[in-house]
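Participant: Have a look at this one before I ask anything.
The values are calculated or read from the model by the stated rules, or taken from the named source; none is laboratory data. Predicted model only: the values in this text are computed from it and were never measured. Glycine also receives a Cβ, built like all others from the backbone with ideal geometry; neighbour counts cover every protein chain displayed.
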Amino acid sequence: MAFDIRKLEGVMVPLVTPLNEKEELDEKALETLIEHVMEAKVHSLFVLGNTGEFASLTGDVKEAMMRKVKEIVDGKFPVFVNVSDVSTKRAIKGAKIAESVGCNAIVVCPPYFYHLTQDSLIEHYERIAQAVSLPVVLYNIPQYIISELNTETVKKLAKDRRIIGIKDASGNTSYIENLAIYFKNAPFRIYQGDERNIEAALMTGANGFSASLSNLYPQLFVDLWNAFGEDDGLKAHDLQETIRSFGNIYGLTRNKIQAGLKYALSLKGICKPIVSEPLPELDKFEKFEIERILQQYDIKCKHTK
């Protein structure tokens, strides 16, 4: 199936990377996960993002994840792959692997560790865009990266037709509002990466969103997208509030997103609660809290059917 990436919108699932005890890709669990989210009719998949633990995985696991996702999806959904790295050459190497695998687009955040000027970031992205034929999506996630993509830099990069959009996971609502208004009539896609602020982003003109919790409850996020498309503001607001109520699934602190989400998925029989070292694991209280949240939501769903 051919996809027009420049017109893509809706729910982009940032897949977790299921691992076994050796920190190798758990292919069976990955199949279960993808079947789970595909059943909800999400619109695209995002591989090896922050939720997918890209920064702590080996190169072999990253490539295995790309290839297995493409094999399972079998052309039914567009696949975006994060190829971010600490240098331009290393990011290009990842981009060429993604291209050889047949992914639909690459996603790139600024190089981490070094503090870079905005001019250096522009050169970084332009060199990556020149190196492969895949469309490039910018990835702004400054809470984990030293260098932030400011809005003026994004506007400059968007003049390059090979750079087709941005995923913003900063949590800064004014940042994404600025971009959504500026690109309102332009073929540049704006994705909200902070699930707490999906409703606000869509109201200002964002084209879609990427939410970690859509691994667990993909239908909840598809329902939110559909409610917004149907101009059902009350339903969209209620769904957004439900999503916000899941905050403690992340182990009560935002630095345990992967561990909390994988533990929740393990309770659903989807994957093991194994994260790559040195990511922190949950304590007993955090596990209990996640069990309580899931139980409450499942009871609520039964009562509303």
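Participant: Report, by residue number, each residue of the range 25-59 that is buried (at least 21 other Cβ atoms within 10 Å of the Cβ), assigned to a loop (DSSP other than H, G, I, E, B) and without any contact (Cβ under 8 Å) to a residue 40 or more places away in the chain.
Facilitator: Selection gives L48, G52.
Participant: Another question, if that's okay. Those residues that are in contact with a Phe, Trp or Tyr (Cβ under 9 Å, 6 or more places away or on another chain) and within 23 Å of L138 (Cβ to Cβ), I need them from the range 34-64; list them, please.
Facilitator: If the condition is that a residue be in contact with a Phe, Trp or Tyr (Cβ under 9 Å, 6 or more places away or on another chain) and within 23 Å of L138 (Cβ to Cβ), then V42, H43, S44, L45, F46, V47, L48, G49, N50, G52, A55, K62 are the ones that fit.
Participant: Is it the case that I198 is farther than 15 Å from C109 by Cα and at pLDDT 95 or above?
Facilitator: Numbers: farther than 15 Å from C109 by Cα: yes; at pLDDT 95 or above: yes.
When the stated conditions are applied, I198 passes them.
Participant: Suppose we filter D283, D232, D223 for residues that are at pLDDT below 95 and charged (D, E, K, R); which single one remains? Give the derivation first.
Facilitator: Numbers: D232 fails: at pLDDT below 95; D223 fails: at pLDDT below 95.
After applying the criteria, what remains is D283.
Participant: Scan the range 6-24 and tell me whether some residue there is surrounded by fewer than 23 Cβ atoms within 10 Å (Cβ to Cβ), without any contact (Cβ under 8 Å) to a residue 60 or more places away in the chain and assigned to a helix (DSSP H, G or I).
Facilitator: No, that holds for no residue.
Participant: Return a yes/no flag: does the range 76-96 have any residue that is polar (S, T, N, Q), touching a residue at least 24 places away in the same chain (Cβ under 8 Å), out of contact with any strand residue (DSSP E or B) (no Cβ under 7 Å at 6 or more places or on another chain) and more than 25 Å from G269 (Cβ to Cβ).
Facilitator: First, the residues of the range 76-96 that are polar (S, T, N, Q): 82, 84, 87-88.
When the remaining residues are screened for being touching a residue at least 24 places away in the same chain (Cβ under 8 Å), the result is 82, 84, 87-88.
Among the residues that remain, those that are also out of contact with any strand residue (DSSP E or B) (no Cβ under 7 Å at 6 or more places or on another chain) are: 87-88.
Next, from what is left, pick out any that are more than 25 Å from G269 (Cβ to Cβ): 87-88.
Within the range 76-96, one or more residues are polar (S, T, N, Q), touching a residue at least 24 places away in the same chain (Cβ under 8 Å), out of contact with any strand residue (DSSP E or B) (no Cβ under 7 Å at 6 or more places or on another chain) and more than 25 Å from G269 (Cβ to Cβ).
Participant: Still on this model: Would you please name the residue that is surrounded by the most Cβ atoms within 10 Å (Cβ to Cβ), looking only at residues in the range 97-117 that are free of Cβ contacts under 8 Å to residues at least 60 places away in the same chain and of a type in the set (V, I, T)?
Facilitator: First pass over the range 97-117, keeping only residues free of Cβ contacts under 8 Å to residues at least 60 places away in the same chain: 97-103, 106, 108-117.
Narrowing the set further to residues that are of a type in the set (V, I, T) leaves 97, 101, 106, 108, 117.
Numbers: I97: 19, V101: 18, I106: 26, V108: 24, T117: 10.
Out of the qualifying residues, it is I106.
Participant: Need pairs with beta-carbon distance below 8 Å; first residue under 19 Å from P187 (Cα atoms) and within the range 118-136, second assigned to a helix (DSSP H, G or I) and among the small types (G, A, S); sequence gap 6+ or separate chains.
Facilitator: Final answer for the pair search is L134/A95; L134/A98; V136/A129.
Participant: Select, from S133, S84, the only residue that is under 22 Å from L8 (Cα atoms), surrounded by fewer than 22 Cβ atoms within 10 Å (Cβ to Cβ) and of a type in the set (S, T, Y).
Facilitator: Criteria check complete, one pass: S133.
Participant: Here are some residues: T32, T51, T88. Which one is in contact with a Lys or Arg (Cβ under 6 Å, 6 or more places away or on another chain) and of a type in the set (S, T, N, Q)? Explain how you work it out, then say what you get.
Facilitator: On the way: T32 fails: in contact with a Lys or Arg (Cβ under 6 Å, 6 or more places away or on another chain); T51 fails: in contact with a Lys or Arg (Cβ under 6 Å, 6 or more places away or on another chain).
Among T32, T51, T88, only T88 is in contact with a Lys or Arg (Cβ under 6 Å, 6 or more places away or on another chain) and of a type in the set (S, T, N, Q).
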